[in-house]
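Read through the structure below, which is laid out as structure tokens, and then see the notes.
Derivation of every value follows stated rules applied to the coordinates shown; laboratory data play no part. Treat the numbers as computed from the prediction; the structure is a model and nothing was measured. When we count neighbours, we look across all protein chains shown, and the Cβ atoms used for this are built from the backbone with ideal geometry, even at glycine.
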Amino acid sequence: MSIYLSPSMLSIDFTKVGEQLSIVEQAGTPYIHLDVMDGVFVPNISFGIPVIKGIRKCSHMVFDAHLMIVEPERYIEEFRKAGADIINFHVEATEDPAAVIAQIKATGAKAGITIKPKTPVECIRPYLQDLDMVLVMTVEPGFGGQKFMEDQVPKIKQLAQWKKDLGLSYDIEVDGGITLENVRTVLDAGANIIVAGSAVFGKEDIAAAAKGFMDIFKEYE
Ligand code: DX5
Ligand code: ZN
């Protein structure tokens, strides 16, 4: 399974969005992770539909949207129209995850489900066969720059095991506190899409930071 970096735009310099997006794109990063926060599901507000629509005009990257919003079913079509290629929603944010997955797929986007650190991984077991991606949070969602929660690693391992046992092919994405120092821990557990915000856009040399991750990925090819 291919391993990809998905740099989180939450840590970008918002005075240089176009410029910094092309730095990671040219460094060979196919994904960009877009953290949408509503101030209700998480105690922070980030950016939303108009921003995604705006950057769609200057980027060919795969738009990996992470919706930290309540009742995501209200906005799926709009995020797709704005340019999201993958739409991840939180299992804790809706009463009917199966319906949201179907709604995302009906738009032509790939469907992903996300779990917060306190949510048992068993909660998403019933939906696995319908998913393109699962996203394991390794920090409490809401803010960049937090410390990686190592106690979430067994969830990644369980998802990798289920994938094998059930003959499925969903991507396993990991998000929160990932650095060059701890990324091997999540890769060893079976993750293949790695979100990194401060460890990429927070660095002086963004291209070198992205390449640092990609060099490690080569060890797993
Ligand atoms: C947190 C977001 C993350 C965040 C990651 O709620 O979902 O994507 O931007 O940032 P770092 O890599 O700095 O933990
Ligand atoms: Zn995220």
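Our helix-only sum for the chain, with -39,500 (n - 2.57) per DSSP H run of n ≥ 4 divided by its residues, gives a mean residue ellipticity at 222 nm of -9000 deg cm²/dmol.
Which of the peptides 70-79, 136-145, 38-47 is most tightly packed, and how do the rest follow, judged by the mean count of other Cβ atoms within 10 Å per residue? Could you put the intermediate results ahead of the total?
Details: 70-79: 17.6, 136-145: 20.2, 38-47: 16.0.
Ranking, from highest mean packing down: 136-145, 70-79, 38-47.
Each principal axis of the Cα cloud of the range 1-75 was evaluated for its coordinate range; sorted largest first, these ranges are 35, 35, 20 Å.
For the residue pairs K53/K81; K110/K155; K118/K147; K155/K211; K16/K147, alpha carbon separations beyond 19 Å are given by K110/K155; K155/K211; K16/K147.
Taking a temperature of 4 °C and a viscosity of 1.567 mPa s, what whole-number D in µm²/s does Stokes-Einstein yield for the range 4-220 with Rh from Kirkwood over alpha carbon pairs?
76 µm²/s
Count the DSSP beta bridges whose two residues both fall in the chain, then state the antiparallel fraction as a percent rounded to the nearest 5. Antiparallel bridges: around 5 percent, rounded to the nearest 5.
The amide H of Y4, built 1.01 Å from its N in the peptide plane, has I193, I194 as neighbours under 5 Å, considering only residues 5 or more places off or on other chains.
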